[in-house]
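Comments concern the structure below.
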Amino acid sequence: MARAIAGAERRPLAWVDRDGVLRLANAAFAALLGAEPAALEGRSACDLLCADAPGRAQALLRAAFRGALHRTELTAVRGGRTYGLKVELAAVGRGASAALCIDVHEVVERAAAPVACGTAGDLDYRISAGASDFGRLLALSGAGAEAALRVGRRCHEVLHGRPSPCPGCPALRGGGEAWPRVEVRRAPRTGGFEVATATALPGDEVLVSVRRVDDAALAAVREARTAELVRRFELSPREEEVLRLLLIGRQAADIGTALGITPRTAKFHQANVLRKLGASSRRDLLGLAS
């Protein structure tokens, strides 16, 4: 009887048993998921509907079998796109033969929420670099449970929430720049920075690795770099003190006050620091220490 109903009904219909296994789907339901009915039957309904939260789907099914839930929203994925399904649920039959009828009344495509790299932490993704499909995600890791749902979409859409490629994208820069290419940018909504490294792969593909660097890590890098300069150029203890004050923007008069020396002596040490490091200005010093 269920098969007769399924064949006659144009709305997407499916029947699920108490174990959450999809036992019957009509042609409209199968088309919704981009498959043949026979390919869906016997599969877990929780994996097909709400694949990103199977535990939630299981709880919904149990509640529906108890008669405590008659309407809800589920999720379906087809061709890398996510759809919200407004469904009605009805338990039919008793005992071992009991089943849950899923009647889909409305289907709405959902825009995938972008994964802001600075909030998601480290990301690694492989994209197409072809002119016609630049940025199409071929693989993605580090984006949580929904990573598989984003493959096939454009990286600038699902990772950065942009309708077009990001300004300064290291995978897009031309001019014969050598690989790998590196872009350092402010991490969105978090503070600190993120470093995006693009590496060319065979087959017109690019691997992009994004690593977050917070302010504490940047300070540690600057400290390590400063200590390296002191050792490499054999600065005296006084010259090291002057270098550290120069790197935080102090002028000669401030340096003299901080170290208990005259501004003239501070300028003398400053000149020695610049000479030893081969720098002509404070900007050069910042470049060496960054």
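The values are calculated or read from the model by the stated rules, or taken from the named source; none is laboratory data. These numbers were taken from a predicted model, which means no experiment stands behind them. Cβ coordinates were reconstructed from backbone atoms using ideal geometry, including for glycine residues, and neighbour counts include every protein chain displayed. Please note that ligands, DNA and RNA were not included when accessible areas were found on the heavy atoms of the full protein model with its side chains. Shrake-Rupley method; radii C 1.70, N 1.55, O 1.52, S 1.80 Å.
Separation of region 68-100 and region 226-290, taken as the distance between their Cα centroids, equals 70 angstrom. For region 204-218, the Karplus equation 6.51 cos²θ - 1.76 cosθ + 1.60, evaluated at θ = phi - 60°, returns couplings of 6, 10, 9, 9, 10, 10, 10, 10, 7, 10, 8, 5, 5, 5, 4 Hz by residue, with Gly and Pro reported as x. Amide H contacts of residue 139: 126, each under 5 Å away and 5 or more positions distant or on a separate chain (H built 1.01 Å from N in the peptide plane; Pro and chain starts excluded).
Residue by residue, region 252-267 carries 3J(HN,Hα) couplings of 4, 5, 5, 5, x, 4, 5, 9, x, 10, 6, x, 5, 5, 4, 5 Hz when phi is fed to the Karplus relation 6.51 cos²θ - 1.76 cosθ + 1.60 (θ = phi - 60°); x denotes Gly or Pro.
Ranked by the mean number of other Cβ atoms within 10 Å per residue, highest first, peptides 30-38, 122-130, 64-72 order as 122-130, 30-38, 64-72. Sorting 213-219, 262-268 by their mean Cβ neighbour count within 10 Å, with the most densely packed peptide first, gives 262-268, 213-219. Distance between the pseudo-spin-label points of residue 88 and residue 21 (7 Å out from Cα toward the beta carbon): 2.9 nm. Between the amide H of residue 82 and those of 110, distances stay under 5 Å, these residues lying 5 or more places away or on another chain, with hydrogens modeled in the peptide plane. Normalised by the number of residues in region 149-256, the average gap of Cα pairs under 8 Å and 6 or more apart makes the relative contact order 13 percent. Backbone phi angles across region 225-237, fed through the Karplus curve with coefficients 6.51, -1.76 and 1.60 (θ = phi - 60°), yield HN-Hα couplings of 5, 5, 4, 5, 5, 4, 5, 5, 9, 6, 6, 6, x Hz in residue order; Gly and Pro are listed as x.
Here's how it looks for residue 160: its modeled amide H is under 5 Å from those of 115, which are all 5 or more places away or on a different chain.
Rounded to the nearest whole Å², what accessible area per residue is found for region 223-290 with the 1.4 Å probe?
60
Length gained on full extension, residue 221 to residue 195, computed as 0.36 nm times the residue gap minus the Cα-Cα distance: 8.0 nm. Solvent exposure of residue 234, expressed as accessible area, is near 150 Å², computed with a probe of 1.4 Å over the protein chains only.
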